[in-house]
């Protein structure tokens, strides 16, 4: 996501939490579902661009710098 590539991932809770609206989701047990989502992205440049933009924005939430700030705040508030 950080590099601006549209993302297709398995529909699992941890990935929904991480990716939010910045990805397309497929059934992790169905290869045809993965193929369909990849085709959706390849066939729709507007969708691909939207996923790319959302992914880049979403990846900032999980940057090392942002995660460090969250940890420092938690440690300071715990002391």
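Bear in mind that the values in this text are calculations on the coordinates, not laboratory data. Bear in mind that the values here come from a model prediction, so they are computed numbers and not experimental data. For neighbour counting, all protein chains shown are included, and Cβ atoms are generated from backbone atoms with ideal geometry for every residue, glycine included.
Some points to look at:
- Per the conditions (1) surrounded by 13 or more Cβ atoms within 10 Å (Cβ to Cβ); (2) in contact with a helix residue (DSSP H, G or I) (Cβ under 9 Å, 6 or more places away or on another chain); (3) touching a residue at least 24 places away in the same chain (Cβ under 8 Å), the sole criterion not satisfied by residue 25 is (3).
- Residue satisfying all of: in region 2-22; buried (at least 17 other Cβ atoms within 10 Å of the Cβ) and out of contact with any strand residue (DSSP E or B) (no Cβ under 7 Å at 6 or more places or on another chain); nearest to residue 66 (Cα to Cα) among these: 18
- Any chance residue 67 is out of contact with any strand residue (DSSP E or B) (no Cβ under 6 Å at 6 or more places or on another chain) and closer than 20 Å to residue 5 by Cβ: no
- From the options 2, 39, 18, residue that is in contact (Cβ under 8 Å) with a residue 24 or more places away in the chain and out of contact with any helix residue (DSSP H, G or I) (no Cβ under 6 Å at 6 or more places or on another chain): 18
- Only residues that are loosely packed, with under 11 Cβ neighbours inside 10 Å and under 14 Å from residue 4 (Cα atoms) were counted in region 46-64, giving 1.
- Any chance residue 32 is within 17 Å of residue 9 (Cα to Cα), free of Cβ contacts under 8 Å to residues at least 24 places away in the same chain and surrounded by 10 or more Cβ atoms within 10 Å (Cβ to Cβ): no
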